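Working notes, beginning with the structure itself.
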Amino acid sequence: MSPTPSTRSRSLALASAAVLALAALTACGTSSDSGGDDDGAPGGKVKLSVNGQPPTTQAFERKLFDKHVRQFEQANPDIDIVPHEGFMDPKTFNAKLAGGKLEDVFYVYFTDTRGLIAKKQAADITDYIKDMPHRGDVQDELMKVFQDERDRQYGLPTANYSMGLLYNRALFEKAGLDPDKPPRTWAEVRAAARRIAKLGDNTAGYADFSKNNQGGWHFTAELYSRGGRMATERNGKWKAAFNSAAGRATLQDLHDMRWEDDSMGSKQLLQAEDVQRMMGSGKLGMYVSAADNIAVIAKQFGGRYQDYGLAPVPDAKATLIGGEGYMVNPKSSPKKIKAAVKWLQWKFLDPELVERNIKDNLAAKLPVGLPMPPTPDIWKGAVRDRVEKAKHTYANVPVGNYQSFMEAAPRITGLIEPPEAQQVYAALDNAMQAVLTDKDADIDALLATAENKVDQIYSAF
């Protein structure tokens, strides 16, 4: 996972690790500074408790967050920010809300918003963002993640990720492939993987995750790219939808690359760090990933930024998106909601401050130029163009390696994770494991079994 607060949900990019992070980073609050109707702060100020403050073990991120709090308070002397470490822990959320311990402003993953809105566990902020600066410059699909069926707004997105094809440019060149023309279809991925695997020396052309819920997560991303869907909703009820032609093609391609092409290597049952290690050691050609994996590979596994490229997901009929944002305690007073919107817009949704964030990251020798914070791809139109220009101006990594991904991103439909995502992913792990470890795996039976499990999950949802 990425060490920065704004990309923690994806880092690195891993659904099961994200769940563990939620459980581990419990927000700390007291009745005197947590959410509720009490606006009380000395001098008539609005006291606003917010979580998302990085722990002291993340020194740069903590220092930057605290600096931003000070700068915001100087610019808004009528608001007193009370920062709390941690995030929203689903295991304690209900108790904190009922007991008045929940912060006024709390961090959420995209997968959490639907349930919180349905249970009325977040404040309706629609009327408070009507005049919010740059509201219309945020991508519509990201704003919709925080809306109900009546388009009422219950939170704001602050960062997102979308999946692409991460590939090793050095291995592409070695295999006689053009690194500036990465595969655009799954058929091209398969062909390129065969050529890379023929380099020998335990080099795999393609790799995939298959355990700890990460297999189901990647199945989802690959299914979406082919135009499939994980689940459909009708009259408020959800049903599995992946037992389809796109679902079968997803598993069949993996089976054939593993057993017919021998382009995925013999070692399977992999998870994120295994695949990142393979990429960092120069032994892997491609895998489906978000951009933040590039920084992890470079920082933790000995890779070089110039060796990696990021392309759109193959077939590109849709892409899995995820991300994070903030919601407001439903017990908050109008004054607190107004202050919360002001804080969130200032801290996360102000393109005027993009260069400030870039320069802070450059000073800390962190990468600038990847499709991730400090220049998150949450904008549209002229603001997106402006942020991209700033990113190119200050980049310390080769932005050209990711250009095809960025150019395609506005044209590819983004789909969020399915309801009850972690349980659904667990049901699909078995199918992913089977096709990669059993040459005689019955794909139709695997999909039918997973479909039955997921329908049972949704029947209790």
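Before we move on, is Val50 modelled with pLDDT of 95 or more, surrounded by 14 or more Cβ atoms within 10 Å (Cβ to Cβ), part of a strand (DSSP E or B) and touching a Ser or Thr at 6+ places or on another chain (Cβ under 6 Å)? Explain how you work it out, then say what you get.
Numbers: modelled with pLDDT of 95 or more: yes; surrounded by 14 or more Cβ atoms within 10 Å (Cβ to Cβ): yes; part of a strand (DSSP E or B): yes; touching a Ser or Thr at 6+ places or on another chain (Cβ under 6 Å): no.
No.
When you go through Glu149, Glu141 one by one, which is the residue that is over 22 Å from Pro334 (Cα atoms), open to solvent by 60 Å² or more (accessible area, probe 1.4 Å), within 15 Å of the chain's Cα centre (by Cα) and not polar (S, T, N, Q)? If you could, list the steps in order and put the result at the bottom.
Values: Glu149 fails: within 15 Å of the chain's Cα centre (by Cα).
Only one candidate passes the filter, namely Glu141.
Do you know which of the residues in region 106-127 that are assigned to a loop (DSSP other than H, G, I, E, B) and charged (D, E, K, R) is surrounded by the most Cβ atoms within 10 Å (Cβ to Cβ)? It would help to see each step written out before you state the result.
First, the residues of region 106-127 that are assigned to a loop (DSSP other than H, G, I, E, B): 119-125.
Narrowing the set further to residues that are charged (D, E, K, R) leaves 119-120, 124.
Details: Lys119: 11, Lys120: 11, Asp124: 17.
Going through the qualifying residues, I end up with Asp124.
Yes/no per residue for (1) at pLDDT below 95; (2) crowded, with 23+ Cβ neighbours inside 10 Å; (3) in contact with a helix residue (DSSP H, G or I) (Cβ under 7 Å, 6 or more places away or on another chain):
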site: Lys299; (1), (2), (3): yes, no, no
site: Gly309; (1), (2), (3): no, yes, yes
site: Pro314; (1), (2), (3): no, yes, yes
site: Val354; (1), (2), (3): yes, no, yes
site: Ala364; (1), (2), (3): yes, no, yes
site: Leu370; (1), (2), (3): yes, yes, yes
site: Thr375; (1), (2), (3): yes, yes, yes
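Residues in region 378-386: is at least one in contact with a strand residue (DSSP E or B) (Cβ under 6 Å, 6 or more places away or on another chain), free of Cβ contacts under 8 Å to residues at least 60 places away in the same chain and part of a helix (DSSP H, G or I)? Give the steps one after another, and end with the answer.
Going residue by residue through region 378-386, those that are in contact with a strand residue (DSSP E or B) (Cβ under 6 Å, 6 or more places away or on another chain) are 378.
Narrowing further to those that are free of Cβ contacts under 8 Å to residues at least 60 places away in the same chain: none.
Scanning region 378-386 turns up no residue that is in contact with a strand residue (DSSP E or B) (Cβ under 6 Å, 6 or more places away or on another chain), free of Cβ contacts under 8 Å to residues at least 60 places away in the same chain and part of a helix (DSSP H, G or I).
All but one of (1) charged (D, E, K, R); (2) buried (at least 16 other Cβ atoms within 10 Å of the Cβ); (3) closer than 24 Å to Asp385 by Cα hold for Arg135; state the number of the condition that does not hold.
Answer for Arg135: the failing condition is (2).
Please count how many residues of region 159-175 are open to solvent by less than 10 Å² (accessible area, probe 1.4 Å) and closer than 28 Å to Lys144 by Cα.
Taking region 159-175 first, the residues open to solvent by less than 10 Å² (accessible area, probe 1.4 Å) are 159, 163-168, 172.
Pick out the ones that are also closer than 28 Å to Lys144 by Cα and you get 159, 163-166.
Residues in region 159-175 being open to solvent by less than 10 Å² (accessible area, probe 1.4 Å) and closer than 28 Å to Lys144 by Cα: 5 in total.
I'd like the full set of residues that are without any contact (Cβ under 8 Å) to a residue 60 or more places away in the chain and open to solvent by less than 20 Å² (accessible area, probe 1.4 Å), limited to region 82-96. Talk me through it step by step, then tell me what you get.
Taking region 82-96 and keeping what is without any contact (Cβ under 8 Å) to a residue 60 or more places away in the chain, we get 82-84, 93-95.
His84, Phe93, listed by residue number.
Could you count how many residues in region 330-350 are closer than 13 Å to Phe106 by Cβ, charged (D, E, K, R) and open to solvent by 20 Å² or more (accessible area, probe 1.4 Å)?
Going through region 330-350 one residue at a time, the tally reaches 1.
Could you list all residues from region 200-243 that are over 25 Å from the mean Cα position of the chain (by Cα) and without any contact (Cβ under 8 Å) to a residue 60 or more places away in the chain?
Matches in region 200-243: Gly200, Arg234, Asn235, Gly236.
Can you name every residue in region 200-216 that is touching a helix residue (DSSP H, G or I) at 6+ places or on another chain (Cβ under 8 Å) and either surrounded by fewer than 16 Cβ atoms within 10 Å (Cβ to Cβ) or small (Gly, Ala, Ser) (or both)?
Filtering region 200-216 down to residues touching a helix residue (DSSP H, G or I) at 6+ places or on another chain (Cβ under 8 Å) leaves 203-216.
Within region 200-216, Ala204, Gly205, Ala207, Ser210, Gly215, Gly216 meet the criteria.
Which is open to solvent by less than 10 Å² (accessible area, probe 1.4 Å), at negative phi, aliphatic (A, V, I, L, M) and in contact (Cβ under 8 Å) with a residue 60 or more places away in the chain, of Leu415, Leu428? Working first, answer last.
Working: Leu415 fails: open to solvent by less than 10 Å² (accessible area, probe 1.4 Å).
Only one candidate qualifies: Leu428.
Can you say whether Asp455 is in contact (Cβ under 8 Å) with a residue 40 or more places away in the chain, open to solvent by 20 Å² or more (accessible area, probe 1.4 Å) and either under 24 Å from Met257 (Cα atoms) or assigned to a helix (DSSP H, G or I) (or both), as far as the supplied structure shows?
Working: in contact (Cβ under 8 Å) with a residue 40 or more places away in the chain: yes; open to solvent by 20 Å² or more (accessible area, probe 1.4 Å): yes; either under 24 Å from Met257 (Cα atoms) or assigned to a helix (DSSP H, G or I) (or both): yes.
Judged against the criteria, Asp455 is a match.
Could you check Lys181 against (1) modelled with pLDDT under 95; (2) farther than 18 Å from Pro418 by Cα and say which number it fails?
In the conditions (1) modelled with pLDDT under 95; (2) farther than 18 Å from Pro418 by Cα, Lys181 misses (1) alone.
Name every residue in region 230-276 that is farther than 26 Å from Glu188 by Cβ and crowded, with 24+ Cβ neighbours inside 10 Å, in order of residue number.
Result: Ala240, single match.
Residues to consider are Lys439, Lys389; find the one that is surrounded by fewer than 15 Cβ atoms within 10 Å (Cβ to Cβ) and touching a His at 6+ places or on another chain (Cβ under 9 Å). Talk me through it step by step, then tell me what you get.
On the way: Lys389 fails: touching a His at 6+ places or on another chain (Cβ under 9 Å).
After ruling out the rest, the residue left standing is Lys439.
Quick check on my filter: what residues within region 59-81 are crowded, with 17+ Cβ neighbours inside 10 Å and not basic (Lys, Arg)?
Taking region 59-81 first, the residues crowded, with 17+ Cβ neighbours inside 10 Å are 61-62, 64-65, 68-69, 76, 79-81.
Once the filter is applied, which keeps residues that are crowded, with 17+ Cβ neighbours inside 10 Å and not basic (Lys, Arg), region 59-81 yields Glu61, Leu64, Phe65, His68, Val69, Asn76, Ile79, Asp80, Ile81.
Hey, Leu428 hits all of (1) part of a helix (DSSP H, G or I); (2) over 17 Å from Ala291 (Cβ atoms); (3) modelled with pLDDT under 95 but one; which does it fall short on?
Unmet for Leu428, out of (1) part of a helix (DSSP H, G or I); (2) over 17 Å from Ala291 (Cβ atoms); (3) modelled with pLDDT under 95: (3).
I'd like the full set of residues that are free of Cβ contacts under 8 Å to residues at least 60 places away in the same chain and assigned to a helix (DSSP H, G or I), limited to region 338-367.
Step one: list which residues in region 338-367 are free of Cβ contacts under 8 Å to residues at least 60 places away in the same chain, which gives 352-359, 361-363, 365.
Hits for region 338-367 are Glu352, Leu353, Val354, Glu355, Arg356, Asn357, Ile358, Lys359, Asn361, Leu362, Ala363.
The values are calculated or read from the model by the stated rules, or taken from the named source; none is laboratory data. The shown structure was predicted, so the numbers you read here are calculated from the model rather than taken from an experiment. FYI the Cβ positions are ideal-geometry reconstructions off the backbone, even for glycines, and counts take in every protein chain you see. The area values use the complete protein model at the heavy-atom level, side chains included, leaving out ligands, DNA and RNA. Shrake-Rupley method; radii C 1.70, N 1.55, O 1.52, S 1.80 Å.
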